[in-house]
Amino acid sequence: MTAHSDPPSPTPPPSSPALVRRGLLLATLGVATCGPKQADSNDDSSSTSPTADPTVTPMFTTADTSTSDASDTEIPPMVPPMIPPTTGGPDSTTDGPDSTTSVSDSTTGAPTLFDLNGDFLLAVSTTVDRSHPFQYIATNSVTEMNGKLLLSTCLQPLTLDIGKILTPRQPLGEPLCFADVALVDGKFTLDMGSVAIAAMTNPITGSDIALSSLVLAGTIQSDDLYCGTVTGEVTQPPVGSIEGSSFAAVRLTDVNVLPDPVVIDCEGTSVTDL
C-alpha cells in the first residue's frame, strides 16, 4: 500500500521592503486595516481625533517609503516645547507709577502748609519799649515760580498816639512793599534795608526814626498767624542795635476792625491800653 503524505505547505512569498514599512506604520499609528469604511462605523466621539498642537514636536518621524529602507524609521527623543523664562512679575518700566513722577523733586521744595494770602495786623515790638509796638496792615500774596513759593507783601503804617496801642490806628502815607520773598519750609527772611518811620506812627517818642539793616525773620504758625524776630539798628536818633526785638502778624477778617489786644511775638504775648 502506497503511503500518502500531506501536500507541502505553500511557501509565503518574501516580504518586500515596502510591505515591511507599511506594517510598521500601521502598527505604530494603530490604524485599522479595514480602511475608511470601518472608521465610519465608529461613533463620532471615537473617530474624531483632537487637533494637533502646532507647538509640540511630533513624537515619530518616518523616512520616505519610496527610497528608504525600513531601518530608516526613527523614533527621536521627545523634546518639550520651550517655555519663555519668567521675570518674576510685571515689567516695572511699564506697570505701576513712574518713580520719576510719583516722587517729589527735593529741589523744588514742598508746598507751604498754610495760606498767607490776605490781610494781617503786623506789630513790631522793639527792645526800646516792648509794650508799645509799631503797627502795620500787611497785605500778602503768595505765588509760585519755577517750583518755588514767593511771598509779596505791602506794609501800610498806622498812626498811633504817644503811649497808646489802640488809637487812632489810621493808615498814613505810602505802604512799604517787598516782592518775591522766598518761602522755604514755612519760613522767610524779609530784608527791609533802610526804613524811615514817621513821627505820627511812633507810639514811643512821637518823633521821626531812621533805621538801617532792618530784617524780619519769620515762621508761619498757621493760616492766621506768622511771627518771628527783628534785627537792625536805629540810626536817628542814635540808639543803636535793636537785636532781640520781635514781631507777630494776626489775620484780619475786616481791615476796619483791628484786634485788641495786640500780639507781639511767637509766644503769644499781647499788649493793650490800660
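Which count do you get for residues in the range 244-274 that are charged (D, E, K, R), under 18 Å from Gly218 (Cα atoms) and surrounded by 12 or more Cβ atoms within 10 Å (Cβ to Cβ)? Before you say what the answer is, go through the steps one by one.
Within the range 244-274, the first condition is being charged (D, E, K, R), and the residues that meet it are 251, 254, 260, 265, 267, 273.
Then keep just the ones that are under 18 Å from Gly218 (Cα atoms); that gives 251, 265, 267.
Filter once more, so that each one left must be surrounded by 12 or more Cβ atoms within 10 Å (Cβ to Cβ): 251, 265.
Summing the residues that are charged (D, E, K, R), under 18 Å from Gly218 (Cα atoms) and surrounded by 12 or more Cβ atoms within 10 Å (Cβ to Cβ) in the range 244-274 gives 2.
Would you call Asp224 touching a helix residue (DSSP H, G or I) at 6+ places or on another chain (Cβ under 7 Å), modelled with pLDDT of 95 or more and of a type outside the set (Val, Ile, Thr)? Please lay out each step first, then the result.
Values: touching a helix residue (DSSP H, G or I) at 6+ places or on another chain (Cβ under 7 Å): no; modelled with pLDDT of 95 or more: yes; of a type outside the set (Val, Ile, Thr): yes.
When the stated conditions are applied, Asp224 does not pass them.
Screening the range 151-174 for residues that are within 49 Å of the chain's Cα centre (by Cα) and assigned to a loop (DSSP other than H, G, I, E, B) and picking the one that is surrounded by the fewest Cβ atoms within 10 Å (Cβ to Cβ) gives Glu174.
Of all residues in the range 194-222, those satisfying the criterion of being within 17 Å of Gln156 (Cβ to Cβ) and of a type in the set (S, T, N, Q) are Thr201, Asn202. Mind listing whichever residues of the range 194-249 are among the hydrophobic types (A, V, I, L, M, F, W, C), outside any loop (DSSP other than H, G, I, E, B) and touching a Ser or Thr at 6+ places or on another chain (Cβ under 6 Å)? Across the range 194-249, the qualifying residues are Ala199, Met200, Ala210, Val215, Ala217, Val230. Residues that are among the aliphatic types (A, V, I, L, M), touching a residue at least 40 places away in the same chain (Cβ under 8 Å) and over 19 Å from Thr231 (Cα atoms) within the range 245-274 comprise Val250, Leu252, Val255, Leu258, Val262, Val271, listed in sequence order.
The values are calculated or read from the model by the stated rules, or taken from the named source; none is laboratory data. Everything quoted here is computed from the prediction, not taken from an experiment. Don't worry about glycine lacking a Cβ; one is built from the backbone with ideal geometry, like all the others, and counts go over all protein chains shown.
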